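Novice: To start, I am sharing the structure in question, which I have written as structure tokens.
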Amino acid sequence: MDPLSDVLHLLDARSYVTIGQRAGANWSIRYDGFAGMKFLALRKGALWFRLETENTWHKLAPGDGVILTRFAPFLLATDPTLTSVPLPDVDYVIVDGIADLGGDDSIILSGKMEVDQIASGWFLDVLPDVIFIDHGSDSSSVLNWLMDSLHKEIQHQRPGGVLAGNHLMQLIMIEGIRCWLTSEEAGSSGWIAALKDTRILRALGAIHSDPSRNWQLSELAAIAGMSRTGFARLFIKSTGTTAIHYLTQWKMRMASRSLRLSNEPIKHLAYSLGYASESTFSTVFKRLYGVSPTAHRLSYRQDPSTQFEADSLSRGLRNIHSGFC
């Protein structure tokens, strides 16, 4: 996989919920935040959106999309001057997978999914709280098609719907993030800059394709087509860290994911990541995570707040009527 695919894989989406909202005129609703990622697609009408923590309203037209990358309560309204009502106080009925509030002036499709915050938090940190997808953008038609397909999977609950829905939600997330990465808003600093520079991208690709190898700076510089000194400076400027430290961090992120999601013996994991001994691997892991690999594995499995339920995908299907947006 390419570096961005590798990083997105760490998000490890485990469950999704999708539903929609149909409503009339003159309303304003406050929606609770969600600990994962959320996507809204306006299919009909004109609405206003803003985060609860901000004062600026954004007008949404049909075909526009909104991706919330982290927990953030928000408001949707037909008129930004109206007083918002908390979602739990809103009366609605579910009709064909849509929360019907009465009226047909606007239709929104909404999807949300849980992600592995431990493994992917460092990547999510470089993303804005909200990514807006304009209806005139290249990604808008793709995202709306994906969201419509996902809604149909949930609405009809056909065989294979759970797996299909999970993949669709991941495609929605990937397309939205790719759209933002290529926009001017993404800027050219930090990890984002690394994805935009083909020289650094080639070096990252080498690291990600063979993380067990103890790469030398000169080898990575050669892959990037640069001098050793020039590559070292550019890598630090692009990622905020050295190439060798990035390699170590990537190995430890893979180790963390494996420790939490598998029963692979620590010794085998250490060898698979290029460490000659379990003790050396454990020392490096503890330096980055503050605890030993064994403690990391145990704490994750003993604390329900840091893990996903085994049947989370099915739970997502069963609970589509528990709320919307």
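The values are calculated or read from the model by the stated rules, or taken from the named source; none is laboratory data. As the structure is a prediction and not an experimental result, all values here were calculated from the model. No Cβ is skipped: glycine too gets one built from the backbone with ideal geometry, and neighbour counts run over all protein chains shown.
Novice: Identify all residues within the stretch 222-257 that are of a type in the set (Phe, Trp, Tyr), under 14 Å from Phe285 (Cα atoms) and buried (at least 21 other Cβ atoms within 10 Å of the Cβ); write none if there are none.
Specialist: Residues of the stretch 222-257 of a type in the set (Phe, Trp, Tyr): 231, 235, 246, 250.
Filter once more, keeping what is under 14 Å from Phe285 (Cα atoms): 246, 250.
Correct list: Tyr246 only.
Novice: Moving on to the next point. Could you tell me whether Gly45 is in the same structural domain as His135 (by the TED database) and either within 23 Å of Trp180 (Cβ to Cβ) or surrounded by fewer than 20 Cβ atoms within 10 Å (Cβ to Cβ) (or both)?
Specialist: Working: in the same structural domain as His135 (by the TED database): yes; either within 23 Å of Trp180 (Cβ to Cβ) or surrounded by fewer than 20 Cβ atoms within 10 Å (Cβ to Cβ) (or both): yes.
The answer is yes for Gly45.
Novice: Surrounded by 20 or more Cβ atoms within 10 Å (Cβ to Cβ), within 21 Å of Asp129 (Cβ to Cβ) and in contact with a Lys or Arg (Cβ under 9 Å, 6 or more places away or on another chain), is that true of Leu40? Write out each step before concluding.
Specialist: Working: surrounded by 20 or more Cβ atoms within 10 Å (Cβ to Cβ): yes; within 21 Å of Asp129 (Cβ to Cβ): yes; in contact with a Lys or Arg (Cβ under 9 Å, 6 or more places away or on another chain): no.
It is false that Leu40 is surrounded by 20 or more Cβ atoms within 10 Å (Cβ to Cβ), within 21 Å of Asp129 (Cβ to Cβ) and in contact with a Lys or Arg (Cβ under 9 Å, 6 or more places away or on another chain).
Novice: Hey, can you tell me all the residues within the stretch 267-283 that are of a type outside the set (Gly, Ala, Ser), crowded, with 19+ Cβ neighbours inside 10 Å and assigned to a helix (DSSP H, G or I)? Working first, answer last.
Specialist: At the first step, the residues of the stretch 267-283 found to be of a type outside the set (Gly, Ala, Ser) are 267-269, 271, 273, 275, 278, 280-281, 283.
Filter once more, so that each one left must be crowded, with 19+ Cβ neighbours inside 10 Å: 269, 273, 275, 281.
Leu269, Phe281, listed by residue number.
Novice: Only one of Arg43, Arg50 is in contact with a Ser or Thr (Cβ under 7 Å, 6 or more places away or on another chain) and among the basic types (Lys, Arg); which? Write out each step before concluding.
Specialist: On the way: Arg43 fails: in contact with a Ser or Thr (Cβ under 7 Å, 6 or more places away or on another chain).
Exactly one of Arg43, Arg50 is in contact with a Ser or Thr (Cβ under 7 Å, 6 or more places away or on another chain) and among the basic types (Lys, Arg), namely Arg50.
Novice: Within the stretch 78-98, count every residue that is without any contact (Cβ under 8 Å) to a residue 12 or more places away in the chain and either acidic (Asp, Glu) or outside the structural domain of His156 (by the TED database) (or both).
Specialist: Matching residues across the stretch 78-98 total 2.
Novice: Given the criterion at pLDDT 75 or above and at positive phi, identify the matching residue among Gly136, Gly190, Gly160, Gly176. Spell out the reasoning first.
Specialist: Values: Gly136 fails: at positive phi; Gly190 fails: at pLDDT 75 or above; Gly176 fails: at positive phi.
Just a single option satisfies the conditions, and that option is Gly160.
Novice: While we're here: Counting just the residues of the stretch 130-185 that are of a type in the set (D, E, K, R) and surrounded by fewer than 19 Cβ atoms within 10 Å (Cβ to Cβ), which one comes out nearest to Leu60 (Cα to Cα)? Break it down stepwise before answering.
Specialist: Narrowing the stretch 130-185 to residues of a type in the set (D, E, K, R): 134, 138, 148, 152-153, 158, 175, 178, 184-185.
If we keep only those that are surrounded by fewer than 19 Cβ atoms within 10 Å (Cβ to Cβ) as well, we get 134, 138, 148, 152, 158, 178, 184-185.
On the way: Asp134: 8, Asp138: 17, Asp148: 18, Lys152: 23, Arg158: 32, Arg178: 20, Glu184: 20, Glu185: 18 Å.
Looking at the filtered set, the residue picked out is Asp134.
Novice: Is there any pair linking a residue in the stretch 223-237 that is aromatic (Phe, Trp, Tyr) to one that is surrounded by fewer than 19 Cβ atoms within 10 Å (Cβ to Cβ), with Cβ under 7 Å and at least six apart or on different chains, and which?
Specialist: That search, which allows pairs on different chains as well, returns Phe235/Thr242.
Novice: Let me ask something else about it. Would you check if there is a residue in the stretch 72-92 being at pLDDT 90 or above, closer than 30 Å to Gln249 by Cβ and surrounded by 14 or more Cβ atoms within 10 Å (Cβ to Cβ)?
Specialist: Taking the stretch 72-92 and keeping what is at pLDDT 90 or above, we get 72-92.
Going one step further and asking which of them are closer than 30 Å to Gln249 by Cβ, we end up with 72.
In the following step, the residues that additionally are surrounded by 14 or more Cβ atoms within 10 Å (Cβ to Cβ) were identified as 72.
Within the stretch 72-92, one or more residues are at pLDDT 90 or above, closer than 30 Å to Gln249 by Cβ and surrounded by 14 or more Cβ atoms within 10 Å (Cβ to Cβ).
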